[in-house]
Structure formats: structure tokens, C-alpha cells
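For reference, the structure discussed in these notes is given below.
The values are calculated or read from the model by the stated rules, or taken from the named source; none is laboratory data. Just so it is clear, the structure is predicted and the values come from calculations on it, not from any experiment. Cβ atoms come from the backbone with ideal geometry, glycine included; neighbour counts cover every protein chain shown.
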Amino acid sequence: YVTCHYDTSDRSFTTNLGLAPEKQEMCNQYYMYYPRSVSNKWGSCRTIGCSDSNYKDAMYSQLPIGPSSTESSLLKFPPSNGLGQVSGVAVSNDGSLVYVLCRRSNKFNTKTLIQSEAIFVLDASKNGAIIKSFGSNLFATPHGLYLDNWDGLWVTDTTLHQVFRLNASDGSVSLVMGEMRKPGKGPNHFNKPTDVVVSIESSSGVDLREVFVSDGYGNSRVAVFTYEGEFTREWGSFGSGPSQFSIPHNIEIDSYNRVYVADRENGRTQIFHKNGTFIDQWNGDFEKFEGKAPYYARHLSALSYSSSLELMFLIEGTNIVVRDIAFGRNGEKVLKWHSNSRSWPHDIAIARDTNNNLNVYIAELDGKTISRYVIE
């Protein structure tokens, strides 16, 4: 953030922003950016003025960020028989560990359980060296992955119609919600659940953690539970209006307890109060293709929240879009980038590393790997 500070203690009149030095004060801000040259022509310097009504926003707007020129595949040493489709990614709060969810030899809607490990834990500081793996004989079509602040690692399975909570340290199962292979509605069943997020809230020492499940391919709803799996409420129905979904594919929550749902087939993000009251929606910013576009070209697939930056990172088709969600910013888009190297970007996670750089991790479903962008 850029802020201008003034000392008007020696003045006996109201001092406004402006160009007159005897009666006003100026606030000069200089921005340097490096656009990609496509014409090989030099640009020209420009001065952009703003009216009095825009001064406040100009003073307190967040500087946009941009990725470094280096994009790397994080997994340098994948298992010999391959990861298969990589459907989910999560990162520890300190940015040191990256959790990868994969389907190995299974595909979407494969009925048999994955006999080998489906979750890999990587060392982010060592180019993705595998520290450990677990999750064999638990999942058939693992879909969403989420790491909470209490060492709970959540996995959704669209074939089993279940939601699992594992211990992130050793992979032991601590909670299973839903009845295996029995889709349904109501408090005890799911129908192809896609993702999980856990709220962080307490009052007078009372734990108010809640589990929000985007459910999913078969049910068009958000289902809410206590941390121990007791159903409390739900909202949503199939459609394209407010509070309606066409595949709620991913879910996130911010520091203000606003819930964000990636409404995949409707190509938008819907925003709610945690009680389910609709707030707003963002329409996706999708790449235009000449000729045949990828299947996922208009999918609003996933989102990930940075509480320190108050930014939301979204996968919108083949683009990564960053929106400012601080109060008063209304989801203003501050950055977008595209890379043809991504093959079906399916999930996203962000965290700072030991050098205080922001790392953006992309799970590539058909790319069968994790890509990492470093924002310095």
C-alpha cells in the first residue's frame, strides 16, 4: 500500500490535495512496469491525472503484483509409475510443505480404489523433493484437497461420495462424512462433493470452526458442518441465478467470513455471508481462442485466498486472475496472466516462502504435475 502523510500543524485553514503549494499539498506516486513488447516500438511517457474524487482511492490502492519470468514444474522426482491426474494442491502456512493429491492410474469416475499412495508431501525448498506419501486404498476419484490450521487434511471423493479428514502428519483418517458409494441429499449424504474449506473463528474461548463443502457434480449446494461432522445448514440449487450453481467446483473463505464458490459451468465466482446470504458475483475473465478451445476454457475452476495481501487468486479457464477483496475494493482485478504450458489447471494454492516471496502452485489435471510461479 502507498500512503501520503502530511503535517499541517502550522496551518490554521483546511488543507486539501492539489497543486497550489501555499494552500494545498501534492501526493506524487510513481509506478514502473514492464509490458511485454509485441511491436518492438518504443512507448512514450505519460502522465495520468486524477480528479479530487479519485484521490482517496489513489492514496490507498494496493500495488498490483506480477509473476517473475520463471515458471517451473515443482515435481522434480515423481514416483516411477507416475502421478496420474493431479486434482488438488495445498500448502502449509509457513510455505515449507506442499501437499499433492493425485489419481495415479485412476480416472474420473473410476470405481476401484487406488491401491498406491494418492497424497504426496513435498519439500518446497528443495524443488519438490518427496518427503513422504500416504493415502493408499482410501480413494477412487480424489478431487479436492484442503489443509486447515489444525493439521487436518481434507479430501473429497466424487466416486465414493465422501469427505475425509486425515492427519496431515501421518495420513491417518480422523473423520469420514457421507456413505460410501451412496449418493444423496440431506445431512448424511453427498453427491460427488468437490472441495472443502474450514472457517477460522472463536468467541470467548469457544471453538466456532465450521466445515463448508461444495457439493458438487450431483448436488448444487454448499453444505455446512461442525468440525466433527455434524450437519448444521445448507444453501443453493441448480441454475444460473443468484445462490444457484452449475457444478460448485471449489470453495474458499476470507478473513471476514465471506464464502466464495467457484461456480464452474456458470463461469463465475459467487460470494456469500457464511449464513448463505448472497452478496455478489464475479464473472470470469476467459481467454479467447481461435479455433477449437480446450474443454476447460470457460471453467471457473478454483480459488485461493491470501489473508496477508487480501487478494483472491482464481483459475478462470486458462488464466490466473488476482482480485483485490479488501473492503471497498469489490473484487477489483489487479493481475492476470496466461501460460500455454498448463494442461487443464484444476486447483490453486498460495503461500510465502522463507524469502518472503509469494509462491503460486497450480495442479494440472492432464498435465499430471504441479507448476509453481514465484512472485517476488
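Looking at the stretch 157-173, can you tell me whether even one residue there is surrounded by fewer than 19 Cβ atoms within 10 Å (Cβ to Cβ), under 25 Å from residue 265 (Cα atoms) and among the charged types (D, E, K, R)? So far as the stretch 157-173 goes, no, none of its residues is surrounded by fewer than 19 Cβ atoms within 10 Å (Cβ to Cβ), under 25 Å from residue 265 (Cα atoms) and among the charged types (D, E, K, R).
Six or more apart or on different chains, Cβ atoms under 9 Å: show the pairs whose first residue is in the stretch 118-137 and farther than 15 Å from residue 363 by Cα and whose second is of a type in the set (Lys, Arg) and not in a strand (DSSP E or B). Short answer, once both residue conditions are applied: 126/76; 127/76; 129/76. Tallying residues that are under 15 Å from residue 151 (Cβ atoms) and not in a loop (DSSP other than H, G, I, E, B) within the stretch 85-116 yields 4. Residues of the stretch 198-218 that are of a type outside the set (Lys, Arg), part of a loop (DSSP other than H, G, I, E, B) and modelled with pLDDT of 90 or more: 199, 216, 217, 218.
Filtered by the rule that a residue be hydrophobic (A, V, I, L, M, F, W, C), at pLDDT 95 or above and under 17 Å from the mean Cα position of the chain (by Cα), the stretch 257-287 gives 259, 261, 262, 271, 272, 282.
Contact map, the stretch 70-95: first residue of a type outside the set (Gly, Ala, Ser) and crowded, with 20+ Cβ neighbours inside 10 Å, second residue modelled with pLDDT of 95 or more and not in a strand (DSSP E or B), Cβ cut-off under 6 Å, separation 6 or more or different chains; pairs are 85/103. Across the stretch 170-191, which residue is farthest from residue 147 (Cα to Cα) among those that are touching a Phe, Trp or Tyr at 6+ places or on another chain (Cβ under 6 Å) and assigned to a loop (DSSP other than H, G, I, E, B)? Taking the candidates together, the pick is 187. Listed conditions (1) surrounded by 15 or more Cβ atoms within 10 Å (Cβ to Cβ); (2) over 18 Å from residue 90 (Cα atoms); (3) free of Cβ contacts under 8 Å to residues at least 60 places away in the same chain; (4) in contact with a strand residue (DSSP E or B) (Cβ under 8 Å, 6 or more places away or on another chain) are all met by residue 298, apart from (4). Listed by position, the strands (runs of 3 or more DSSP E) contained in the stretch 117-169 that have at least 3 residues being more than 19 Å from residue 211 (Cβ to Cβ) are 119-123, 129-134. Take the residues in the stretch 174-207 that are among the aliphatic types (A, V, I, L, M) and exposed (fewer than 13 other Cβ atoms within 10 Å of the Cβ); name whichever of them is nearest to residue 90 (Cα to Cα). Among those that are among the aliphatic types (A, V, I, L, M) and exposed (fewer than 13 other Cβ atoms within 10 Å of the Cβ), it is 180. Is it true that residue 323 is in contact with an Asp or Glu (Cβ under 7 Å, 6 or more places away or on another chain), in contact (Cβ under 8 Å) with a residue 24 or more places away in the chain and of a type outside the set (A, V, I, L, M)? When the stated conditions are applied, residue 323 passes them.
Of the residues examined, residue 369 is not one that is β-branched (Val, Ile, Thr), buried (at least 16 other Cβ atoms within 10 Å of the Cβ) and touching a His at 6+ places or on another chain (Cβ under 8 Å). For the stretch 188-224, taking the residues that are of a type in the set (A, V, I, L, M, F, W, C) and more than 21 Å from the chain's Cα centre (by Cα), the one that is farthest from residue 280 (Cα to Cα) is identified as 206. Listed conditions (1) closer than 22 Å to residue 199 by Cβ; (2) of a type outside the set (Asp, Glu); (3) buried (at least 23 other Cβ atoms within 10 Å of the Cβ) are all met by residue 327, apart from (3).
Rundown of residues vs (1) closer than 21 Å to residue 266 by Cβ; (2) in contact with a Pro (Cβ under 6 Å, 6 or more places away or on another chain); (3) part of a strand (DSSP E or B), yes/no style:
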| site | (1), (2), (3) |
| --- | --- |
| 326 | no, no, no |
| 334 | no, yes, yes |
| 350 | no, no, yes |
| 363 | no, no, yes |
